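Student: Below: one structure in structure tokens.
Throughout, read-outs are computed from the coordinates displayed, never taken from laboratory work. Bear in mind that the values here come from a model prediction, so they are computed numbers and not experimental data. Neighbour counts are summed over all protein chains in view; Cβ atoms, including those assigned to glycine, are modelled from backbone coordinates with ideal geometry.
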Amino acid sequence: MLFSLVMGTITFLFLAAASYSDLRTREVPDMLSYGLIIVALGIRGIFVPELGWGLLLSGALGFAACFLLAWLFYKTNLWGGGDSKLLMGMGAVIGINYPLDLSSLLLLWFFVLLLFLGSIYGLCWLFGLSVIRWKVCKPKFIEKVHQFEKVQWGLGLGSLVVVGLSLLDVLWLFFLLPVFVFYLFLFVTTIEEECFVKRVSPAKLTEGDWLGEEIFVDEERFPRRRALEMKDIEKLLAAHKEGKLPSVVIREGVPFVPSFVLAYAVLLWGMPLAVMVGKMFLGRG
């Protein structure tokens with residue numbers, strides 16, 4: 001279908017540009033995020049005479065659903081502004097068909113793929129960064145391990161007891177999961193503290209930056225891990241000019257936008273291929 005070809009091509013171009021910007025500057029320009037929303041709805045509007053008004057309604061419903069989800073993620077400081085706005089754009093791209101049918105679940109599948117592949121991608125990024133900066137991260141990781149010796153002994157002994165009681169059952173592998181998660185948590189927090197936290201001048205702050213430490217300015221509290229809005233930056237910059245705030249600590253994150261590319265690619269090509277292969281095997285059976 002010509003519509004799918006045009007929409008898919010344009011979307012990948014936008015996502016590629018946003019990924020490049022995120023990898024290079026840790027920011028996604030509003031021009032790309034808002035541009036994707038406008039272009040996606042515009043393309044749907046162009047194909048309305050051929051495919052009907054339901055095409056435009058689908059994009060509007062997808063945008064509205066992702067707007068609510070993005071707003072929730074942004075307000076709870078789970079995502080930055082760039083990722084949230086890009087999710088709105090993907091809602092307009094994928095849409096939610098009405099009346100509802102199986103194809104209406106495509107946006108939900110995209111979101112599930114985004115979180116799943118984003119987690120794998122994020123861990124790979126952290127491991128790669130740890131290899132590059134292992135000399136810096138190793139002492140901090142060892143220090144953290146020594147801080148939680150009692151927790152490690154407890155997890156280790158508990159896992160051994162469970163393994164001994166269920167040696168013939170493969171389910172005992174699941175009881176080793178807490179040990180793995182514990183060391184993974186120590187590893188991730190070490191990388192974050194050593195590689196993603198830096199001190200900068202308030203003059204260099206941009207909207208969406210996350211604070212790495214709590215700040216008080218004229219009795220107003222700016223909590224840690226809060227995404228800064230423009231009004232926040234203006235207050236911090238004013239305090240900086242008055243000599244009250246020489247610098248602030250910000251926390252950078254893993255550039256997440258490439259996960260959008262991965263999730264969209266799997267949605268377009270991976271899932272149809274999996275369905276086709278599944279039908280082939282079922283047919284043979």
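Student: Taking the Cα centre as origin and putting +1 on Lys and Arg beta-carbons and -1 on Asp and Glu beta-carbons, what dipole magnitude results for region 197-251, to the nearest 20 debye?
Tutor: Roughly 280 debye for region 197-251.
Student: Sticking with the crude label model, points 7 Å out along Cα→Cβ, report the distance from GLU213 to VAL112 in nm, one decimal please.
Tutor: Modelled inter-label distance: 4.3 nm.
Student: Another one. Based only on other Cβ atoms within 10 Å, what is the fewest-to-most ordering of CYS195, CYS66?
Tutor: Ordered by Cβ neighbours within 10 Å, fewest first: CYS195, CYS66.
Student: Under 19 Å from a point 7 Å along the Cα-to-Cβ line of SER104: which residues of region 28-63 have their amide N that close?
Tutor: Once the point is set 7 Å along Cα→Cβ of SER104, 52-63 turn out to lie under 19 Å by backbone N, inside region 28-63.
Student: May I ask for the distance between the Cα centers of region 45-80 and region 86-101, given as a whole number of Å?
Tutor: 5 Å
Student: Quick check on the exposure proxy: order LEU107, LEU205 from fewest to most C-beta atoms within 10 angstrom.
Tutor: With the fewest neighbours first, LEU107, LEU205 line up as LEU205, LEU107.
Student: Based on the Cβ-Cβ distance of ILE142 and LEU51, what FRET efficiency does E = 1/(1 + (r/R0)^6) give at R0 = 45 Å, to the nearest 0.05?
Tutor: 0.15
Student: Using Cβ contacts closer than 10 Å as the measure, can you line up ILE37, ILE132, ILE43 from fewest to most?
Tutor: On the way: ILE37 22, ILE132 11, ILE43 19.
Least crowded to most crowded, the residues run ILE132, ILE43, ILE37.
Student: I've got another one for you. Is the C-alpha gyration tensor of region 4-76 telling us rounded, prolate or oblate? Criteria: a/c under 1.5 is rounded; beyond that, a/b larger than b/c is prolate, otherwise oblate.
Tutor: oblate
Student: Something else about it: For GLU219, what is the net charge nearby, where nearby means another residue's Cβ is under 14 Å from its Cβ and Lys, Arg count +1, Asp, Glu -1?
Tutor: Result for the local shell: 0.
Student: Per DSSP H run of n ≥ 4, the term is -39500 (n - 2.57); total these for the chain, divide by its residue number, and report the mean residue ellipticity at 222 nm rounded to 500 deg cm²/dmol.
Tutor: Here the helix-only value at 222 nm equals -22500 deg cm²/dmol.
Student: For volume of the Cα convex hull per residue in Å³, the choices are [x] 140; [y] 196; [z] 185; which was calculated from the structure?
Tutor: Among [x] 140; [y] 196; [z] 185, the one calculated here is [y].
Student: Provide, for the chain, the number of lysine pairs with alpha carbons under 17 Å apart, each pair being eight or more places apart or on different chains.
Tutor: Lysine pairs meeting both conditions in the chain amount to 10.
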